[in-house]
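Worksheet for the structure shown next.
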Amino acid sequence: MAAWYHKVPAPKLPATDKRARMEGMWIKCDACGQIVYKQEVERNLEVCPKCGEHFPLPVRRRLDLVLDPGSFVEFDRGLESTDPLQFSDSKRYKDRLKASAKTAGEMEAFVGGTGRLAGREVSIGAFHFGFLGGSMGSVVGEKVTRLFERATERRIPAIIFSASGGARMQEAIFSLMQMAKSSAALARFRTVKKPYISVLLDPTTGGVAASFAFLGDIILAEPKALIGFAGPRVIEQTLRQKLPEGFQTSEFLLQHGMIDAIVHRKEMRDRLAQVLGLLA
Amino acid sequence: MSTFALDFEKPLLELEAKLVELKRHAAIGAGDGDGASLDGEIRRLERRCAKLTQEIFAELSRWQMVQLSRHPNRPYMLDYVQRLFTDWLELHGDRAFADDQALVGGLARFDGEPVMILGQQKGRSTKENLLRSFGMPRPEGYRKALRLMKLAERFDRPVIAFIDTPGAYPGIDAEERGQAEAIAACLEEMAALRVPVLSIVIGEGGSGGALAIGVCNRLLMLQYSWYSVISPESCAAILYRDSKKGEKAAEALKLTSRDAFENGIVDELIEEAPGGAHRDWEATAGNLRAAMRKHLRELREMSPEQVVQDRYDKFRKIGPITDSEAAQPEGEPARRWPQDRS
């Protein structure tokens, strides 16, 4: 018998890569499922007012949040990748960079400079996860290295907010070597005896986790951030087993002795100021 | 040893089998009078074997080189230790959790001089591979490496690191014990080490798990080894959503020793025996010995401060970028192998 009606399949929703899905003036929190007023979320530092879920915060807002107003001076803005391997998969790397710059509104995955935090000069930088997954290629590696070098020269504390999938595949071995380069610059910075505070955001994995992000004198993390060396999918594929609940979250890391403290976004500035006060 | 052969090796192995057969005949029938003609045939076959080796190995694709780097008969770290060093004393454990058999370390002598040796070790049998975790170290492996590097520094012994790993072990226990922190600590401490460090990629140089013992003054690579940010299969799984497209990924990543040399990452390439290291362990070890001797001699001339500075300079300049606000592009002239090999 011929079907007398056609079942209309439900329209496929676009894959959500962000936790919050935009629906005009309202946002649905993917953590608690509540519908919340967008402006309220924004006022609340992109933290869900219902459950405290931390959504991504644009890199410049992140810096503004902790620095004294108007004190940030950006460095190394003009650094660009030369695409040394002329890398191409389904798209040319050069085109990916251009497209990412447009959608992310940033020229690269890292912004670094100097500023004052509670009156104290600091060398500070933050990753922008929206730019190619916050991946570290030669430009990011160079910026991080210069951040430590500036901190060494001026004998001021260093602060880095990490949110990165790891080393950038499209610059292959050059990306890998940035891990060594930045860690070497950090090794030199230690001699001036000023604190380096590493703040781990959602997510911090791979080559960024396995270099300067886990080398902080003090390591802080935002709540429920995904933090680890191998990504959960890689581990699941390798072991062919389900991962335990809460695996690789900030809370998991705190429990296993890998970080100093979990800090809510709205307390971040005060905690950083406190650490600087106690160590710098 | 297994009789495993890669596809592109097979024609050569077949020809060689014929040669062996012919030699056997010649030995048996030496008195028959046709020995002279057999001798001629043997010489002809030998020439053909040499020519075929050259033909096959002159034009290897990147993927074929990756396959050679993983050849089950390829010499591993401990095989080189046996051939290049004397007085070997393996040192175990990280003094905190366990002894990781995927990363081996110990003291030995090279040309009579005491040195510290580190390296990832793969297994040859399934049983041994489980023990060695296929050469994928866990945090305790890296912490052992770090402990031994500090020990070397305290007693002014150079560090020689053999890199051969598809990557650090990705597992629940490794994450629980801080795989990322363990690797990161190696990178920083190695950068500041006041004794010479010589790292040699002898097979696979996979990602941070390899680099963790690779922050060195001189980096050497065997001819058929690779070094990159990710293994070709994992790269393919991410880029093409198909881990079987490793061949394509290997091309895109430009991961061979030759690529690394041309990109200024590697200081010297070490030629392997004709047909690859697995065909002649002694000859390959011999080539390696000569290069190690040269580099260690040079590094021994440096003061501890110079050694640290030299290492810093080596890594500081890696990363081709331009600065649109500062005008001039940075970088060194391109290198080509083997023409300008020094």
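Things to note:
- Here chain B is scanned for chymotrypsin sites (Phe, Trp or Tyr not before Pro) in DSSP loops (not H, G, I, E, B) that have at most 12 other Cβ atoms within 10 Å, and the longest stretch holding none of them is B:156-342.
- Partners of B:Lys245 within straight-line reach, counting lysines whose Cα lies under 25 Å from its Cα and excluding those fewer than 8 residues away in the same chain: A:Lys91, A:Lys94, B:Lys10, B:Lys122, B:Lys254.
- For A:Val66, A:Val139, order by how many other beta-carbon atoms lie within 10 Å, fewest first: A:Val66, A:Val139
- Over segment B:67-316, relative contact order from alpha-carbon pairs under 8 Å, at least 6 apart, %: 17
- Reachable aspartates and glutamates, given that their alpha-carbon falls under 13 Å from the alpha-carbon of A:Lys194 and they are not under 8 places away in the same chain: A:Glu121, A:Glu149, A:Glu153, A:Asp217
- Between 0 and 90°, nearest 10: helix B:35-58 axis offset from chain B longest Cα axis: 30
- Sequence of B:Lys248, A:Lys38 once ranked by neighbouring C-beta atoms within 10 Å, starting from the fewest: A:Lys38, B:Lys248
- Largest mean-square fluctuation among B:Met221, B:Met116, B:Met302, in a Gaussian network model of chain B whose springs join Cα atoms under 10 Å apart, belongs to B:Met302.
- Once exposed loop GluC sites (Glu not before Pro) are cut out (DSSP; at most 11 other Cβ, 10 Å), longest piece of chain B: B:60-300
- Net charge of neighbours whose Cβ lies under 14 Å from the Cβ of B:Leu78, counting Lys and Arg as +1 and Asp and Glu as -1: +1
- Sorted by Cβ neighbour density within 10 Å, fewest at the top, the residues A:Leu253, B:Leu198: B:Leu198, A:Leu253
- Exposed chymotrypsin sites (Phe, Trp or Tyr not before Pro) absent - longest run of chain A, DSSP non-H/G/I/E/B, at most 12 other C-beta within 10 Å: A:6-280
- Sparse-neighbourhood loop sites, trypsin sites (Lys or Arg not before Pro) in segment A:70-118 - DSSP loop, at most 16 other Cβ within 10 angstrom: A:Arg77, A:Lys91
- Gyration tensor verdict on segment A:169-280 (Cα atoms; rounded if a/c is under 1.5, prolate if a/b is larger than b/c, oblate otherwise): oblate
- Relative to the longest principal axis of the Cα atoms of chain A, helix A:138-154 runs at roughly 30 degrees.
- Residue among B:Gly29, B:Gly105, B:Gly246 with the largest mean-square fluctuation in a Gaussian network model of chain B, springs linking Cα atoms under 10 Å: B:Gly29
- Between 0 and 90°, nearest 10: helix B:304-316 axis offset from chain B longest Cα axis: 80
- Mean separation of Cα contacts under 8 Å, 6 or more apart, over the residue count of segment B:157-244: relative contact order %: 34
No value in this document is a laboratory result; all are computed from the given coordinates. All values derive from a computational prediction rather than experimental measurement. Note that we place each Cβ from the backbone using ideal geometry, even for glycine, and neighbour counts take in every protein chain shown.
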